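Visitor: Sharing a structure below in structure tokens format, with a few things to ask.
The values are calculated or read from the model by the stated rules, or taken from the named source; none is laboratory data. Since the structure is predicted, the reported quantities are computational estimates derived from the model, not experimental observations. Please note: Cβ atoms are built from the backbone with ideal geometry, for glycine as well, and neighbour counts cover all protein chains shown. Accessible surface areas use protein heavy atoms only, side chains included; no ligands, DNA or RNA. Shrake-Rupley method; radii C 1.70, N 1.55, O 1.52, S 1.80 Å.
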2 protein chains.
Amino acid sequence: MRGFRRRAEVREVEGVLEDRVEPLASEAVATCNAGGRVLCQEVVASLDIPQFDRSAMDGYALRAEETFGASAYAPTDMRVVGSAFPAQPFAGLVGPGEAIRIMTGAPVPVHVDAVVKVEDTRPGPTDDVVQICGAVSPGKNISSRGEDIRAGTTVFEPERALRPQDVAVLTALGIQEVMVYRRPRVDILVTGVELLAAGSRPEGFRIVDANSPMLEQLVLRDGGTPIGHPIATDDLDAIMTALSSCTGDAILICGGSSVGQEDHVPAAVRALGELAFHGIAMRPSSPAGVGFFGARPVFLLPGNPVSCLCAYDFFAGPSIRSLGGRPRNWTYRTRDLPLVRKLTSEIGRVDYARVRVVNDRIEPLMVSGASILSSTTRADGVVIVSADSEGYDAGDTATVHLYD
Amino acid sequence: MRGFRRRAEVREVEGVLEDRVEPLASEAVATCNAGGRVLCQEVVASLDIPQFDRSAMDGYALRAEETFGASAYAPTDMRVVGSAFPAQPFAGLVGPGEAIRIMTGAPVPVHVDAVVKVEDTRPGPTDDVVQICGAVSPGKNISSRGEDIRAGTTVFEPERALRPQDVAVLTALGIQEVMVYRRPRVDILVTGVELLAAGSRPEGFRIVDANSPMLEQLVLRDGGTPIGHPIATDDLDAIMTALSSCTGDAILICGGSSVGQEDHVPAAVRALGELAFHGIAMRPSSPAGVGFFGARPVFLLPGNPVSCLCAYDFFAGPSIRSLGGRPRNWTYRTRDLPLVRKLTSEIGRVDYARVRVVNDRIEPLMVSGASILSSTTRADGVVIVSADSEGYDAGDTATVHLYD
């Protein structure tokens, strides 16, 4: 049992993770399942959308020039010679003085060049006549071929996280599958003889593992697939065995990361790979660490749930997003707001301060220790105090990262 | 084929949906699956967290008063009489002049009242002696019973969407399941003979149904479970049959909502229930409508994908969120930014204007028609121009709802 000799700076740890964590390989997914996934290819349209001139309105297709001068007071009569429906074009010819009924989405015949919308017409004296009550210019109410997307156009660049409407564009283009970054598989391994599996009732001096279900949700939030493991006991062999069983693209190991007699995780990581950092100048979660098994990052998260969340947010979350081709930056919504009270920190240390937002002002929560998990549920978010800052005075503006 | 006699105001439609769409019944879910779900119960802690006084540090547990006066220059020697580990309390008594090794999370024995962290100690001349290099006050580095959560406290109010850390709190409290609002099941029904099923290649005058996969993603985003249906043809019987087969808590029916000869959806909704609105003063998606089959809302979405997205965002999305116990308000991130160009609208009409954000300024996209689906993929978001506004001048500040 000994203290940390030196604590790494948060920025230094982040820098190494930025350098060493690369997006995973790609995989093909069906377009209908691609929502929210991140493209690793450029997508080029192979056809025009629309693929033919189509009506943008319900109305009458005709020659625009024949409507010139028409008004509600002096409508122009046109003979209605047929109808066009979606996927059922008008088969005949539209001659001078003639129009066809046309529905939204129906192909526009050749020889006509505009659609008068139904609201701008009146029924004529007989069924085969329509009165046009306003002039239209050529092209009016027609979606021309390629107007939306032209064949050969790049519709999406790589790194695009696909929105619902992006899936619609891909579907409309007849693109059946796309190449996306593989979802990172993330091992979640918790250590501690005092722990009962999530779902148990606490008993005696044993507490329930609350970190696994929290980490599972965080991994899902960041686009990963969590892989659960049984709780490992606090001995070097057990931890090495458990770590060796991890097959994911990243490993979260929670607990046993400090400098107590039972903290075998750093030694296990060192024995199986590389312990790049152990002890980080931050509060909470200074006993956090980062290692690598080859290219796979290993995150040593403190067992204390607040520290675990904090270390996850700083190091694991950005890396998991990055493995999946997403930007590393924090994903919480932010607001810049004034502080009602001062928020002190120490030069050289990064603070993850839980705060409430009340009447558009930031109230730091008074928290006695890092172990107060309920501080993260009472809080509306966190203010990060950087290593070069002593904190904020009352009235200063700070950026709050909102949990919801 | 006739025009709309009157278009309802967006606000009026929203008002009716607010009044008539109620959260669904509740269901029990296992806490480990409750992340992101919305509580419909208050959660009260039935036990203290921590359940016993526990060490917050690795170090030495002792009587605080015996450290008074200790410093690095004049350390106080204490005899180490044992150790406490998590879930393995020290079984003996700690007498005067004595301390025990204690690990983070270990129970603190009676008779001692503070923990000196290991960094503030030095090994003594023999193995059973530790030198205390600094004074601690009573209670120092001890998480006392109930300090985080006290039995009887309300930890969560109803309507809470559970965060990852909330799941941790519930788990720590040994709460195995919680009552949450049931996820709304949402039918997605698309009509149109011109449509090929999503996943097809467009051919001739037939286009691919791009709305179903988009709506599926939107429903998932809003906490619902989509229910797919085959594409219905454009005739009244087929649409009534398809609508009658819907079993969800809300129905999205897309296409056939306008006033053309093939637009049988309004009649079908009227025949099977109530058509509350048809024709809304907005652009795009003025042919949208809202109906009810008993308590179940039915959303008539235009077949044009941009209009479909717009009508979904205005009416269906808030209602689906509300069915699931979530706030109705739009969920896009917003930013208030100046416009580079003017953005005109009409008094009495709500506009859903696609815009880009370039150098922290809003650029309205020049879009020739509502049917330009790629406008929603090129856009960074939308600016809503309210019915009482004629739009914005260049330089005015507007709120952009960001798609990502």
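Visitor: Could you tally the net charge around B:Ala56, taking each other residue with its Cβ under 14 Å from the Cβ of B:Ala56, Lys/Arg +1 and Asp/Glu -1?
Guide: Computed value for this residue: -2.
Visitor: Using Cα atoms only, what is the angle between the long axis of helix B:10-20 and the major principal axis of chain B, expressed in degrees (0 to 90) to the nearest 10?
Guide: Once rounded, the angle reads 60 degrees.
Visitor: If you restrict to DSSP beta bridges whose two residues both lie in the protein assembly as shown, what percentage is antiparallel, to the nearest 5?
Guide: Expressed as a percentage, antiparallel bridges in the protein assembly as shown total about 70.
Visitor: Considering only C-alpha atoms, what is the centroid distance from region B:216-238 to region B:325-401, in Å?
Guide: So the separation of the two Cα centres works out to 27 Å.
Visitor: How much of the accessible area of region B:1-59, in percent, comes from carbon and sulfur atoms when a 1.4 Å probe is used?
Guide: In region B:1-59, the share of accessible area belonging to carbon and sulfur is 43 percent.
Visitor: Tell me the angle of helix A:211-221 to the major Cα principal axis of chain A, expressed in degrees between 0 and 90 and rounded to the nearest ten.
Guide: So the helix axis and the longest Cα principal axis differ by about 30 degrees.
Visitor: Then there is this: By the scheme Lys and Arg +1, Asp and Glu -1, what is the net charge of all other residues having a beta-carbon under 13 Å from that of A:Asn359?
Guide: The answer is 0.
Visitor: Within region A:1-102, list the chymotrypsin sites (Phe, Trp or Tyr not before Pro) lying in a DSSP loop whose Cβ has at most 13 other Cβ atoms in a 10 Å radius.
Guide: Counting only loop positions with at most 13 other Cβ atoms within 10 Å, the chymotrypsin sites (Phe, Trp or Tyr not before Pro) in region A:1-102 are A:Phe68, A:Tyr73.
Visitor: Counting other C-beta atoms within 10 Å, and keeping those with at most 15, which DSSP coil trypsin sites (Lys or Arg not before Pro) do you find in region A:313-404?
Guide: A:Arg328, A:Arg341, A:Lys342
Visitor: Let me ask another. How big is the gap, in Å, between the Cα center of region A:35-107 and the Cα center of region B:251-305?
Guide: After rounding, the separation between the Cα centres reads 22 Å.
Visitor: Another one. When DSSP beta bridges are limited to those with both residues in region B:54-143, what percentage is antiparallel, rounded to the nearest 5?
Guide: That works out to approximately 80 percent antiparallel.
Visitor: Using helices alone, what [θ] at 222 nm do you get for the protein assembly as shown, with -39,500 (n - 2.57) per DSSP H run of 4 or more residues, divided over all residues and rounded to the nearest 500?
Guide: -4500 deg cm²/dmol
Visitor: Among bridges DSSP assigns within chain A, what percent are antiparallel (round to 5)?
Guide: 70
Visitor: Then there is this: Just checking the output field for A:85-92: average partner chain Cβ neighbours within 10 Å of each residue's Cβ?
Guide: 5
Visitor: A further question follows. Return the whole-Å distance between the Cα centroid of region A:131-177 and the Cα centroid of region B:122-185.
Guide: After rounding, the separation between the Cα centres reads 54 Å.
Visitor: Let me confirm one metric for peptide A:374-382, namely the mean number of other chain beta-carbon atoms within 10 Å of its residues' beta-carbons.
Guide: Per-residue shielding by partner chains comes out at 4.
Visitor: Step through the residues of region B:277-282 one at a time and calculate ³J(HN,Hα) from phi using the Karplus curve (6.51 cos²θ - 1.76 cosθ + 1.60, θ = phi - 60°), rounding each to whole Hz and writing x for Gly and Pro.
Guide: The phi angles translate into 9, 8, x, 10, 6, 8 Hz.
Visitor: Using a/c under 1.5 as the rounded threshold, could you call region A:185-288 rounded, prolate or oblate? The axes a ≥ b ≥ c are square roots of the C-alpha gyration tensor eigenvalues, and prolate needs a/b larger than b/c, oblate otherwise.
Guide: Rounded, because the longest to shortest axis ratio a/c is under 1.5.
Visitor: Okay, next question. Classify region A:333-402 as rounded, prolate or oblate, taking a ≥ b ≥ c as the square roots of the eigenvalues of its Cα gyration tensor: rounded when a/c is under 1.5, otherwise prolate if a/b is larger than b/c and oblate if not.
Guide: It comes out oblate by the Cα gyration axes.
Visitor: Can you compute the label reach from A:Ala25? Point 7 Å from Cα along the Cβ direction, backbone N cut-off under 20 Å, restricted to region A:290-314.
Guide: A:293-297
Visitor: Excluding A:Asp249 itself, calculate the net charge of residues whose Cβ lies under 11 Å from the Cβ of A:Asp249, where each Lys or Arg counts +1 and each Asp or Glu counts -1.
Guide: Charge balance near A:Asp249 sits at +2.
Visitor: Classify the protein assembly as shown: rounded, prolate or oblate, from the alpha-carbon gyration tensor (a ≥ b ≥ c, eigenvalue square roots; a/c under 1.5 rounded; otherwise prolate if a/b is larger than b/c)?
Guide: Taking the square roots of the gyration eigenvalues as a ≥ b ≥ c, the protein assembly as shown is prolate.
Visitor: Then there's this: Given label points at 7 Å from Cα along Cα→Cβ, what nm distances, shortest first, separate A:Gln176 from the same residue in every other copy?
Guide: 4.7
Visitor: Between A:Phe299, A:Phe205, A:Phe314, where does the largest GNM mean-square fluctuation fall for chain A, given springs only between Cα atoms within less than 10 Å?
Guide: A:Phe205
Visitor: Can you list the lysines whose alpha carbon sits under 26 Å from that of A:Lys140, skipping same-chain ones fewer than 8 residues off?
Guide: Here the lysines satisfying the reach criterion relative to A:Lys140 are A:Lys117, B:Lys342.
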